[in-house]
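Chemist: The structure's right below; bear with me while I get my questions together.
The values are calculated or read from the model by the stated rules, or taken from the named source; none is laboratory data. Please read these numbers as outputs of a predicted model, since none were measured by experiment. Glycine also receives a Cβ, built like all others from the backbone with ideal geometry; neighbour counts cover every protein chain displayed. Ligands, DNA and RNA are excluded from the accessible area calculation, which covers all protein heavy atoms including side chains. Shrake-Rupley method; radii C 1.70, N 1.55, O 1.52, S 1.80 Å.
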Amino acid sequence: STMRERKTTDSFHLADPLHSSTDLSEGKEKLRLKQEVGLISSVSLIAGTMIGSGIFMSPEWVLHHMGNPASSLLIWAACGLLAMFGALSYAELGTIIKESGGEYIYILRIFGSFPAFLFAYTSVILVRPAGLAAVCLSFAEYAIAPFYPGCSSPQVAVKCTAAACILILTIINCLNVRLATSVMNIFTAAKLLALLVIVVGGLVLLANGQTQSFQNGFQGTTAGIGAVGVAFYQGLWSYDGWNNLNYVTEELKKPEVTLPRALMIAIPLVTCLYLLVNVSYLAAMTPSELLSSGAVAVTWGDKVLGSWAWLISLSVALSTFGSSNGTFFSGGRVCYIAAREGHLPDILSMAHVRCLTPSPALLFTSAMSLIMIISGSFTSIVNFFSFIAWLFYGMTISGLLYLKIKKPELPRSYKVPIIIPIIVLVAAVYLVLAPIIDQPQIEILYIVLFIFSGIIFYFPLVHFKYHPRCLQRVTLYLQLLLEVAPTTRDAN
């Protein structure tokens, strides 16, 4: 294939995809991402991203903040219900605005360029790479643990393994969309099997009368709004990924049908599994044993499976790898769409001319994640990740409420009852404000300052469209090196 340079009028400027597209082969063939994600792959993308390291690591922290088993189970159920309500709200948005990009594209179309840029800036540079780095670090911890029995794994080995995981994911996702979705399908099946083993083991324990953890289940419940908010953060980390399908809307087969249907299958399935897995943990361990466990699933395996306990460590490694693949798959699309809309360098909006994958955006996401791995750790990310995520979730849901009230005439193939996005918006406000009011931390101020530091870049580069000439040559050379060309969106 040969690539044609852009016309002089937009050669080195961030293109507006609503009014321009790039033709290949003498202007007859347009380059775009393929619609290769069907219903099964959609369910796998949602469930496979949601079921990561959280269900194997967060239960002890939810229990710690809530104070007893029964209230911690209520938090897990409430988190699942909130994720379902959020996903149903996003399903309506996805049928109104049939474009990839998730929160970014919805904020852009409803509220305008400036808030969308702040979201893209924060998500692409901080949130997505940090989340991917955290999950890959978790994968590395479990993957190399068998090589260091009886002692903690060296940090150098953990970080190198996490980096290797990111590089492997980069190769898979840059080569082929179908290959990436196949990996998701396989690993989702593996992790569902692992969770079923834990569920069945728990049911056997309950049948044998091991119910002592559930006696006086609500005794000692925590009442502080901050503690409940942090418990929600830990639980919702395990459900994170419920919105991932909205990032790849343009790559879905029949998105108006596939999007809501996949959400209605995947999220209730994951919620039921999470509740049953938590019950299994509490059947095998007392609350004090669960709280003192460094890795809940491994402790469960030691108690229930005996010599087969190594299966749990393997399952956690497989689960986190599959989850990081889903995070990487959708995270690269945010970068790609933001660049296509003119909010990031033009090179990131291009796709490989043969593989038809957004490889520059994927490579950039990979590079940022590798930087995060150098200084990051799993436990340092969850609360602050959730704070930023729910800040933008709340903004997106308020946009849906605006469209439902002010623009009811817009065509949509799916409508969610208005009470559902109202509940999600109230929950988002609570999750953002509760930890600040109850236990203010200076790190949250740093996050807010980082978000608004995007103003420094927005006005010269986006609003006034100042593009240094040195970047023009860099863009051209990278386009030739990576064999990429500008794309056009599907005409939805």
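Chemist: To test your reading of the geometry: what angle, between 0 and 90 degrees and rounded to tens, separates the Cα axis of helix 359-375 from the longest principal axis of the chain?
Modeler: The two axes meet at around 40 degrees.
Chemist: Can you tell me how the chain classifies by the Cα gyration tensor, rounded, prolate or oblate, using a/c under 1.5 as the rounded cut?
Modeler: Values: a/c = 1.83, a/b = 1.57, b/c = 1.17.
Note, shape of the chain comes out prolate.
Chemist: In deg cm²/dmol, rounded to 500, what helix-only [θ] at 222 nm does the chain give when every DSSP H run of at least 4 residues adds -39500 (n - 2.57) and the total is split over its residues?
Modeler: Helices in the chain give a 222 nm mean residue ellipticity of -21500 deg cm²/dmol.
Chemist: Using packing as a proxy for protection, rank 239-252, 199-212, 45-58 so that the peptide with the highest average count of other Cβ atoms within 10 Å comes first.
Modeler: Numbers: 239-252: 25.5, 199-212: 14.4, 45-58: 27.7.
The most tightly packed comes first, giving 45-58, 239-252, 199-212.
Chemist: Going by alpha carbons, how many degrees (0 to 90, nearest 10) lie between the helix axis of 39-50 and the longest principal axis of the chain?
Modeler: It works out to around 60 degrees.
Chemist: Working from Cα positions, state the angle (0 to 90°, nearest 10) between the long axis of helix 382-406 and the longest principal axis of the chain.
Modeler: Approximately 60 degrees, to the nearest ten.
Chemist: Could you report the chain's accessible area per residue, 1.4 Å probe, as an integer in Å²? Let's see the in-between values first.
Modeler: Numbers: 20350 Å² over 492 residues.
I get 41 Å² per residue for this part.
Chemist: Sticking with this structure for a sec: Want the number for Val474 to Ser413: 0.36 nm per residue separation, take away the alpha-carbon distance, what's left? Before the final figure, lay out the partial values.
Modeler: Details: separation 61, 0.36 × 61 = 21.96 nm, distance 4.33 nm.
Here the segment from Val474 to Ser413 would lengthen by 17.6 nm.
Chemist: Please list, in order, the residues from region 404-421 whose amide nitrogen is less than 20 Å from a point placed 7 Å along the Cα→Cβ vector of Ile265.
Modeler: So the set is 413-415.
Chemist: Right, next: Stokes-Einstein D for region 327-431 at 10 °C, 1.306 mPa s, Kirkwood Rh over Cα pairs, in µm²/s? Mind showing how you got there, number by number?
Modeler: Working: Rh = 16.6 Å.
My calculation gives 96 µm²/s for D.
Chemist: Now a separate question. Quote the relative contact order of region 119-174 in percent (integer), defining contacts as alpha-carbon pairs under 8 Å separated by 6+ residues.
Modeler: Values: 23 pairs, mean separation 19.1, N = 56.
34 percent.
Chemist: Can you give me the % of accessible surface on the chain that is carbon or sulfur? Probe 1.4 Å, all protein chains present, nothing else counted. Please report the intermediate quantities before stating the final value.
Modeler: Working: 13650 of 20350 Å².
Carbon and sulfur atoms account for 67 percent of the accessible area of the chain.
Chemist: Given H placed on each backbone N at 1.01 Å, which residues far from Gly101 in sequence or on other chains put an amide H within less than 5 Å of it?
Modeler: Tyr247, Val248, Thr249
Chemist: May I ask you to order 96-104, 446-454, 431-439, 394-402 by the average number of other C-beta atoms within 10 Å around their residues, highest value first? Write out the running numbers ahead of the final one.
Modeler: Numbers: 96-104: 24.0, 446-454: 14.1, 431-439: 17.0, 394-402: 20.3.
Peptide ranking by packing, descending: 96-104, 394-402, 431-439, 446-454.
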